[in-house]
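J.: Have a look at this one before I ask anything.
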Amino acid sequence: MAGPVAALINEFSKLPTVGPKTAARLVFYLLNRPRHEAQSLAEAILRVKDRVRFCSVCHCLTESDPCDLCTDPDRDAATICVVAEAKDVYAIERTGAFKGRYHVLGGLISPMDGIGPAQLHVKELVERIGQQSPHELIIATNPNAEGEATALYLSRLLQPLGTKVTRLAYGLPIGGDLDYADEVTLAKALEGRTTL
Amino acid sequence: MLLERVALSNFRNYAELDLELAPGLNVFVGANAQGKSNLLEAIAMLGTGKSFRTNHDADTIRTGFELAVVRGEATVRAGGVALACAIAKNGRGTRKTYTLNGRDVRYANFLGKLRVVTFVPSDLQLASGAPGVRRAFLNAALAQDEPRYYRELARYRKTVAQKNALLRGTVAPNPELLEVYDRTLVESGTQLMLARDRFVRALAEAARDAHARFTVGAETLEVAYDPDVAFEAPTSDAVAAAFDARLRDVVESERARKSSVAGPHRDNLRLTLDGTSLGAYGSQGQQRTAVLALKVAEYSVMRERAAEAPLLLLDDVLSELDGERAAAFLRSVGDYEQAFVTATHVPSDLRGDARLYRIDGASVRAQAVA
C-alpha cells in the first residue's frame, strides 16, 4: 500500500469506533472526492483544534470565553445543570426544555481509571455555587455505576451549601413499549411514578 | 420449556449444524472429542450466554474463523422465542452480541429467557472447592432466576472494583467518596444477600430430600447460606443495618489492607453431612452424592420458582457415576420436560421417549432407540 494512503488509514483507525476496515473505506471515499472537500474537512479539523476552548465558567466547549450559554441574559442563572461531558450539554440543548446554565465535570468519578473528584471540575462547581448561590442544581449524569456514584458524591458534598440538589428521573422511553422495557427500568419507572 | 431447534455456525468443531430436538430425553452418544460437549455447551449458551467450560470466548470460535453463532428456537410459557448468541473476534479479544426474537438485546435481557441447569464433571468442585465455586453456583442460578439479581450483582462488583481502586490509591484518598461506595454496596449487597438467603432456604430443603432418597436416609445433608456479614433476620432493614455496621467496623482494616474485606463477595454456601464439613471430611463418594443432590435441588427450585421446567444438561456425568447412582439421578429428575445428556455409550434402561443422536466428527445423526 502506498505511503500516504496507509498513513491516512492509520490516522483514521485511531479514532473511536473506527477499525482498520472502516478507516480504509473512509480513505478511498475521500480519494474519490474533489480536492476542495478534502481541504474543507482538513480545515474544519484544524479550526476545532485552534479555536475551540473550554469555557472558564461552565467548562463547556466554546469559541469565546465565557461561553454564549454563560453570558446569555435570558438564561436562568439560578438553575445549574451538572453534566459529565460537553456532548451532554448539546443533548440537553436539543430538547429546548432547559433554560438554565450548565456545569461540565469533564468526566465521571472512576478510581479504576484514575479519575477522582480532583481530576474533574468539582472544586470549580463548589466555588461557583459559593459565588452564585443558585436555587437548584440538577445532576444529569448517566444512570450507570459511575454516573450514580458521581451524583451521590456531589449531593453529599453540596448538601452543606444549602442548594437544592435534584437528579434526572428514571423511566420509560417515550413511544416505547412496556413489553420491551427491561425489568429494572420498569421497576424504576414504577418507583418514580407521578400523580396525574 | 422446550428447545426445538439449535443451529450452529463455526462453533467449536462444527462448521454448520441445524438440529431438531425432541421433548424428553435427548442423548448425544459418541467417542471422545467428536463434539458432544460442544453441542451441549452451545445449548447452555442460549440460556446463560456464557460457556460452562471456558472464560476465554475465543476458544468457542472454530479454528481459522472470525465468527461463531449459536441460534435456538424454543417454546416457553410466554410463547415462542428465537435466541442467538454470536461471538466475534475483535482485536485481541472477542465481542459477544445477543439477539432475542431478531432484536439485538443486552446481556441482561438475554439471560434467563431459556433457563438451563447444567451438570458437568467440574461441578464436583462444589463440595471440595473454595467458597468462590459455590458463590459462582449461587450467582449462576439466581442470575437466571431473577433479572434484577444479575444487575445488582454487576453493580455490586463494579462498586467493589471502584472502591478497591480508591483504597489502593489510584486517586487521592477521599473518605466521602468511600462512603458513597459503601452506601451503594449496602444497597445492592442487601439485595444479593436477601436473594441468596431465600434461594438457599428453598435449595436446602430440596437438597436434603433428594439426598435422603439417594442414601435411603442413612445420612443427612445440610445446605446453609453462610453470609460473610451475619444478620439477625432476612429483612431489608436488618440486613442493610448489619452490613452498614460491619463496613463501619472495618474502615481501618480496609485502609490498611487496601481492599474491601467485608460483604457478599466473601459469602459461602456451607455443606455438611450429619454435622461435619463435607469439603474437609467427606469421602469422594459422599461428595459426589451431595453434589448430585444439590443439582437435583437446583433443578426443582428453578422449576418451582419459574412455574416451568428448565432444560437439564448433563455433560458426561452419567459415566462419572456408577450405574446405580446414574439411574437414581435420572429417576429423581424423572419429571423433566427436556434433558440433554452426553455419553460415550448408550445408557442402559433408557426411557421409551428418549431420542438418540450419534455424534461423529461434528456430524450429528438422529437414531431410533434400539
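J.: Quick one: Debye curve from the alpha-carbon atoms of segment B:115-170 only, equal weights, vacuum; give me log10 I(q)/I(0) at q = 0.15, 0.25, 0.28 Å⁻¹ to two decimals.
T.: -0.59, -0.97, -1.05
J.: Given H placed 1.01 Å from N in the peptide plane, which residues other than close sequence neighbours of residue B:5 have an amide H under 5 Å from its amide H?
T.: Close amide H contacts, sequence-distant or interchain: B:21, B:73.
J.: Can you compute the FRET efficiency between residue A:71 and residue B:197 using 1/(1 + (r/R0)^6), with r the Cβ-Cβ distance and R0 = 35 Å? Round to the nearest 0.05.
T.: Efficiency, rounded to the nearest 0.05: 0.05.
J.: Report, to the nearest 10°, how far helix A:3-12 tilts away from the longest principal axis of the Cα atoms in chain A, using its own Cα long axis and a range of 0 to 90°.
T.: The two axes meet at around 10 degrees.
J.: Okay, moving on. With just the Cα atoms defining each centre, how far is segment A:171-196 from segment B:150-222? Give it in Å.
T.: About 27 Å separates the Cα centre of segment A:171-196 from the one of segment B:150-222.
J.: Distances longer than 23 Å among the Cα atoms of segment B:1-155: what percent of all pairs is that?
T.: Value for segment B:1-155: 39 percent of Cα pairs lie more than 23 Å apart.
J.: Show the residues, 5+ positions off or on another chain, whose built amide H is closer than 5 Å to the amide H of residue A:67.
T.: The answer is A:56, A:57, A:58.
J.: Would you kindly state how much longer the chain becomes between residue A:172 and residue A:187 on full extension, computed as 0.36 nm times their sequence separation minus their alpha carbon distance, in nm to one decimal?
T.: On the way: separation 15, 0.36 × 15 = 5.40 nm, distance 0.99 nm.
Value of the extension gain: 4.4 nm.
J.: Check residue A:102: other-chain or 5+ apart residues with amide H under 5 Å from its amide H, H built from backbone geometry?
T.: A:81
J.: Now for a separate question. How are the alpha carbon pair distances in segment A:3-51 distributed across 5 Å bins from zero to the largest one, expressed in percent?
T.: Pairs per bin, as whole percents: 5, 20, 24, 28, 19, 5, 0.
J.: So, one more: Could you tell me which of rounded, prolate or oblate describes segment A:75-167, using a ≥ b ≥ c as the square roots of the eigenvalues of the alpha-carbon gyration tensor, with rounded for a/c under 1.5 and, failing that, prolate when a/b is larger than b/c and oblate otherwise?
T.: Oblate, because a/c is 1.5 or more while a/b does not exceed b/c.
J.: Would you mind calculating the relative contact order of chain B from Cα pairs under 8 angstrom and at least 6 residues apart, reporting the percent as a whole number?
T.: So the answer I get is 24 percent.
J.: Let me ask something else about it. Build a GNM of chain B with springs between Cα atoms under 10 Å: which of B:252, B:41, B:187 gets the top mean-square fluctuation?
T.: B:252
J.: Same structure, new question: Between the chain alone and the structure with every protein chain in place, find the residues of segment A:123-168 that drop at least 20 Å² of accessible area; heavy atoms, 1.4 Å probe.
T.: A:145, A:146, A:149, A:152, A:153, A:156
J.: What 222 nm value per residue comes from the helices of chain B, counting each DSSP H run with n ≥ 4 as -39,500 (n - 2.57) and dividing by all residues, nearest 500 deg cm²/dmol?
T.: It comes out at -13500 deg cm²/dmol, rounded to the nearest 500.
J.: If you don't mind, there's one more thing I want to ask. Could you state the principal axis extents of the C-alpha atoms in chain B, from the largest down, to the nearest angstrom?
T.: That gives 68, 55, 35 Å along the principal axes, largest extent first.
J.: Would you mind getting the Kirkwood hydrodynamic radius of the protein assembly as shown from its Cα pairs, rounded to one decimal in Å?
T.: About 27.5 Å, per the Kirkwood formula over Cα pairs.
J.: Averaged across A:176-182, how many Cβ atoms of other chains sit within 10 Å of each residue's Cβ atom?
T.: That average works out to 2.
J.: Checking the a/c ratio against 1.5 first, then a/b against b/c, what shape does the Cα gyration tensor give for chain A? Each step should come with its number before you reach the end.
T.: On the way: a/c = 2.12, a/b = 1.53, b/c = 1.38.
Prolate, since a/c reaches 1.5 and a/b exceeds b/c.
J.: Follow-up. To the nearest hundred square angstrom, how large is the accessible surface buried between B and A, total for both chains, probe 1.4 angstrom? Mind showing how you got there, number by number?
T.: Details: alone 17170 and 13320 Å², together 28660 Å².
Buried surface at the B/A interface: approximately 1800 Å².
J.: Same structure again: For the protein assembly as shown, with the dipole built from +1 on Lys and Arg beta-carbon atoms and -1 on Asp and Glu ones, taken about the Cα centre, which of B:309, A:192, B:108 lies farthest toward the positive end?
T.: B:108
J.: Most mobile of A:136, A:127, A:85 per a Gaussian network model of chain A (Cα springs, under 10 Å)?
T.: Result: A:127 has the largest fluctuation of those listed.
J.: Beyond 16 Å, what percent of the Cα pairs of segment B:35-125 remain?
T.: Tail of the P(r) past 16 Å holds 55 percent of the pairs.
J.: Could you derive backbone 3J(HN,Hα) for segment B:260-271 from the dihedral phi with the Karplus parameters 6.51, -1.76 and 1.60 (θ = phi - 60°), listing whole Hz in sequence and x where the residue is Gly or Pro?
T.: Karplus-based 3J(HN,Hα) across segment B:260-271 equals 6, 9, 10, x, x, 6, 10, 5, 9, 10, 8, 10 Hz.
J.: Then there is this: Quick one: accessible area per residue over chain B, 1.4 Å probe, rounded to a whole number of Å²?
T.: Spelled out: the 1.4 Å probe surface of chain B, per residue, equals 44 Å².
J.: For segment B:116-307, state the semi-axes of the equivalent ellipsoid (square roots of 5 times the eigenvalues of the alpha-carbon gyration tensor), sorted largest first and rounded to whole angstrom.
T.: That gives 33, 17, 15 Å for the three semi-axes.
J.: Right, another one. Could you state the number of Å between the C-alpha centres of segment B:75-126 and segment A:1-68?
T.: Distance between centres, Cα-based: 39 Å.
J.: Using a cut-off of 15 Å between alpha-carbon atoms, which aspartates and glutamates can reach residue B:89, once sequence neighbours fewer than 8 places away in the same chain are excluded?
T.: Cα-Cα hits under 15 Å: B:57, B:59, B:66.
J.: Any idea of residue A:8's accessible area? Nearest 10 Å², probe 1.4 Å.
T.: Here the residue's solvent-accessible area equals roughly 70 Å².
J.: Dipole size in debye (nearest 20) for the protein assembly as shown around its Cα centre, Lys and Arg Cβ +1, Asp and Glu Cβ -1?
T.: My answer is approximately 1140 debye.
J.: Could I ask something else about it? List the residues of segment B:144-165 whose accessible area drops by at least 40 Å² when all protein chains are present, compared with their chain alone, using a 1.4 Å probe and counting only protein heavy atoms.
T.: Buried on complex formation: B:147, B:151, B:158, B:162.
J.: How much of residue A:195 can a 1.4 Å solvent probe reach, expressed as accessible area in Å² and rounded to 10?
T.: Here the accessible area works out near 140 Å².
J.: Quick one: what are the phi-derived ³J(HN,Hα) couplings along segment A:116-122, Karplus 6.51/-1.76/1.60 with θ = phi - 60°, whole Hz, x for glycine and proline?
T.: Going residue by residue, I get x, x, 5, 7, 10, 7, 7 Hz, with x marking Gly and Pro.
J.: Which sequence of A:9, A:80, A:115 reflects their accessible areas, 1.4 Å probe, from the largest down?
T.: A:115, A:9, A:80
J.: I'd like to check one number: the per residue accessible area of segment A:3-51, probe 1.4 Å, reported in Å² as a whole number.
T.: That works out to 82 Å² for each residue.
J.: For helix B:175-214, what angle does its Cα long axis make with the longest principal axis of chain B, in degrees from 0 to 90 and rounded to 10?
T.: Tilt of helix B:175-214: around 40 degrees.
J.: Let me ask another. Would you rank B:270, B:358 by solvent-accessible area, highest first, keeping every protein chain in place and using a 1.4 Å probe? Intermediate values should be presented prior to the final figure.
T.: Details: B:270 110, B:358 80 Å².
Of B:270, B:358, the descending order of accessible area is B:270, B:358.
J.: Relative to the first principal axis of the alpha-carbon coordinates of chain B, what is the inclination of helix B:284-306, with its axis defined by its Cα atoms, in degrees from 0 to 90 and to the nearest 10?
T.: Taking the Cα atoms of chain B, the angle to B:284-306 is about 90 degrees.
J.: Moving to a separate point now. Quick one: what are the phi-derived ³J(HN,Hα) couplings along segment B:112-123, Karplus 6.51/-1.76/1.60 with θ = phi - 60°, whole Hz, x for glycine and proline?
T.: Per-residue couplings from phi come out as x, 5, 10, 8, 10, 10, 9, 9, 10, x, 5, 5 Hz.
The values are calculated or read from the model by the stated rules, or taken from the named source; none is laboratory data. A quick note: this is a predicted structure, and the numbers were derived from the prediction, not measured. Reconstructed Cβ throughout: ideal geometry from the backbone, glycine too, with neighbour counts over all protein chains shown. To get the accessible areas, we keep the full protein, side chains included, count just its heavy atoms, and leave off ligands, DNA and RNA. Shrake-Rupley method; radii C 1.70, N 1.55, O 1.52, S 1.80 Å.
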